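Have a look at the structure below, then the notes.
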Amino acid sequence: MKPPPFTYHRARDVAGATDLVAELGEDAKFLAGGQSLIPMMNFRLARPEHLIDIGRLGELSFVDVGPESLRVGSLSTHRAVETADLGAGFEVVRDTMRWIGHLPIRTKGTVGGSLAHADATAEWCLLAVLLDADIVVAGAGGRRRTIAASEAFLGFYTTVLEEDELIVEVAFGRPAPHAAVTEFAERKGDFALVSAAVDLDVSSGTVSGGRVALGGVGPAVVRVPEAERVLHAGGRAGTDLFETCAQAAAQAVEPPGDDDAGTGYRKALVRNLVVRACEEAVAR
Amino acid sequence: MTEPDKVLLTLKVNDAVHEVAVEARRTLADTLRHDLELTGTHVACEHGVCGACTVLVDGDPARSCLMFAAQAEGSEIRTVESLAGDDGSLSDLQTAFSANHGLQCGFCTPGFLMLAEGFLAERPDADREEIREVVSSNLCRCTGYQTIVDSIQDCAERRRNAKEASA
């Protein structure tokens, strides 16, 4: 239950961090808030030989609210986002933070760390996929590139990031005034068994489109086109439409059964949570 | 086998500055307990679930088992030892835990105290529901939690009343 030995490095800036990780190779990892990495090290599930502490890179800790956009620096803590004024249309981002662990986890855990860790139930992955966010990364030698969230998550704890790449920000390009995230765990603050997120196009009580994303139903967060087709067909914002959408979502996925919950139970959760998310989204 | 790398750190804990040389893998919790002999911070699950090791880092409650001591350099750390007065007199929060039976065996208590200390500093007007939500951060195997919620709520109310009386 104690972490294995490693060599500690403290980064002074983004360029220094990415160049150093390129030099040290695959046995080096970035250390941000440590709220996922350190438990894994304490369990000896991760044994990096080098840790590059990026915790002092103030340049990565920001919340930048534009008229139609929101940019969040990768080193921002979940708590900083939870307590920030994110501007109209981004309430869903703020409200989703309360689902992440507990207060003492949210004060240290970071946006970029969560995205890079890519847990299948991570709230930041769910938000990024739902809202088509752009993930900006820096690499060795000053390289920068932008990855669409829809292409970022490959599977169990796996992203398209190269070994030398560091997430520097996540950018949400359009407001989502009628979006909501909800989830279920046996105890508050535990990893969700299933999480559901919707972003509805709704006006005057009529739905004309929208997005549906799910966590905990496969190796990574997924969008559910079958459920989105129901929203695009449109209809009055209400129980009938939401239940049809939720039913389509539950049929479309084949969640893994494990000690925590069987496939059938997870599908039932999808059905209930998608309805709940739709109701919360339309009530905004 | 080579000697493990040690890092030389300057840590500010309860307003005192300490220099320690520890292995990089030393958590803040273990550094507080073994190197600074501040054994009030307790260690149980060591993976961030139980909250027994909760301390304040720059005023925010944080799990000291999920931080390397090296990460705490440059921050202000507060542990349960900072609550009581120099003469051993209990703080108002500690008094509230005592008065409301907010502890039985006491193992989890330092974590709950520092959680509540940090939370009430930020949310002095917190209502019972908010307090319940925050109390869910930590585990207690004795009390059933109700008396812990009572203790924190009692302390918050007393602080509010005192503030009103002095206004």
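No value in this document is a laboratory result; all are computed from the given coordinates. What you are looking at is a predicted structure, and each value in this text was computed from that prediction instead of being measured. Note: ideal-geometry Cβ built from the backbone for every residue, glycine included; neighbour counts use all protein chains shown.
Grab the beta carbon distance between A:D27 and B:E164, set R0 = 51 Å, and tell me the FRET efficiency rounded to 0.05.
My answer for the efficiency is 0.30.
Charges on Cβ only, +1 for Lys and Arg, -1 for Asp and Glu, centred on the Cα centroid of the range B:6-82; of B:V57, B:A69, B:V13, which one is farthest towards the dipole's positive end?
Of the listed residues, the answer is B:A69.
Give me A:R106, B:R159 sorted ascending by neighbouring Cβ count inside 10 Å, so fewest comes first.
B:R159, A:R106
Which percent, nearest 5, of DSSP beta bridges in chain A are antiparallel? Please list the in-between numbers first.
Numbers: 39 of 47 bridges.
Antiparallel bridges: around 85 percent, rounded to the nearest 5.
When a footprinting reagent is the concern and you count Cβ atoms within 10 Å, what order do A:V230, B:V17 take, fewest first?
Ordered from fewest to most neighbouring Cβ atoms within 10 Å, A:V230, B:V17 come out as B:V17, A:V230.
Among residues other than A:L126 whose Cβ falls under 13 Å from its Cβ, what is the net charge (Lys/Arg +1, Asp/Glu -1)? Mind dumping the intermediate values first?
Values: positive: A:R211, A:R223; negative: A:D95, A:D119, A:E123, A:D132, A:E183, A:D199.
Charge balance near A:L126 sits at -4.
May I ask for the Kirkwood hydrodynamic radius of the range A:179-283, worked out over all distinct Cα pairs and given in angstroms to one decimal?
Every distinct Cα pair counted, the radius reaches 13.4 Å.
What size of dipole, in debye to the nearest 20, comes out for chain A about its Cα centre when the only charges are +1 on Lys and Arg C-beta atoms and -1 on Asp and Glu C-beta atoms? Each step should come with its number before you reach the end.
Numbers: 28 positive and 39 negative charges, 107 e Å.
Here the size comes out at about 520 debye.
Taking the dipole about the Cα centre of the range B:92-166, with the C-beta of Lys and Arg at +1 and of Asp and Glu at -1, give me whichever of B:A165, B:S151, B:F107 is farthest to the positive side.
Selected residue: B:F107.
Can you tell me the dipole magnitude for the range B:6-82 around its Cα centre, using point charges on the Cβ only (Lys, Arg +1; Asp, Glu -1), in Debye to the nearest 20? Before the final figure, lay out each step's value.
Numbers: 7 positive and 12 negative charges, 41 e Å.
The calculation lands at about 200 debye.
Subtracting the Cα-Cα distance from 0.36 nm times the residue separation, let me have the gained length for A:K2 to A:T244 in nm, one decimal.
82.2 nm
Helix A:239-252: angle to the longest alpha-carbon principal axis of chain A, degrees 0 to 90, nearest 10?
The answer is roughly 50 degrees.
Can you tell me how the range A:119-178 classifies by the Cα gyration tensor, rounded, prolate or oblate, using a/c under 1.5 as the rounded cut?
Working: a/c = 2.74, a/b = 1.38, b/c = 1.98.
Taking the square roots of the gyration eigenvalues as a ≥ b ≥ c, the range A:119-178 is oblate.
Skipping prolines and chain starts, which residues have an amide H placed within reach, meaning under 5 Å, of the one on A:V168, given they are 5 or more residues away or on another chain?
A:V136, A:V137, A:A138
I'd like to know how the protein assembly as shown sits against the 2.2 N^0.38 Å rule of thumb: what's its Cα Rg over that expected value? Before the final figure, lay out the partial values.
Numbers: Rg = 22.9 Å, N = 451, 2.2 N^0.38 = 22.4 Å.
After normalising by residue count via 2.2 N^0.38 Å, the value is 1.02.
Report the Stokes-Einstein translational diffusion coefficient (µm² s⁻¹, integer) for the range B:6-82, Rh taken as the Kirkwood radius over Cα pairs, at 37 °C with viscosity 0.692 mPa s.
Estimated via Stokes-Einstein, D reaches 274 µm²/s.
Running Debye on the range A:1-151 with equal point scatterers at the Cα sites and no solvent, what base-10 log of I(q)/I(0) appears at q = 0.17, 0.21 Å⁻¹?
Scattering profile of the range A:1-151, log10 relative to I(0): -1.05, -1.48.
What three numbers, in Å, describe the spread of the alpha carbons of chain B along their principal axes, ordered from the longest?
Sorted largest first, the three principal extents are 60, 35, 27 Å.
If you take the charge dipole of chain A about its Cα centre, with +1 on Lys and Arg Cβ and -1 on Asp and Glu Cβ, which of A:F62, A:L130, A:G173 is farthest toward its positive end?
Projecting each Cα onto the dipole axis, the largest value belongs to A:F62.
Given the protein assembly as shown, what count of lysine pairs have C-alpha atoms under 23 Å apart, with each pair 8 or more places apart or on different chains?
So the count works out to 8.
Note down the net charge around A:I147, summing +1 for each Lys or Arg and -1 for each Asp or Glu among other residues with Cβ under 14 Å from its Cβ. Let's see the in-between values first.
Details: positive: A:R143, A:R144, A:R145; negative: A:D132, A:D134, A:E151, A:E162, A:E165, A:E169.
Net charge around A:I147: -3.
Once the Cα atoms of helix A:14-24 and of chain A are each reduced to a long axis, what angle between those two axes, in degrees from 0 to 90 to the nearest 10, is obtained?
70
Mind pulling the angle between the C-alpha long axis of helix B:109-122 and the longest principal axis of chain B? Nearest 10 degrees, somewhere in 0 to 90.
Result, in degrees: 70.
Sum -39500 (n - 2.57) across every DSSP H segment of at least 4 residues in chain A, then divide by the residue count to get the 222 nm mean residue ellipticity, nearest 500. Numbers along the way, then the final one.
Numbers: 10 runs with 91 residues, N = 284.
Rounded to the nearest 500, it is -9000 deg cm²/dmol.
Please state the charge dipole magnitude for the range A:7-53, taken about the Cα centre, from unit charges on C-beta atoms (+1 on K and R, -1 on D and E), reported in debye and rounded to the nearest 20.
Computed charge dipole of the range A:7-53: roughly 240 debye.
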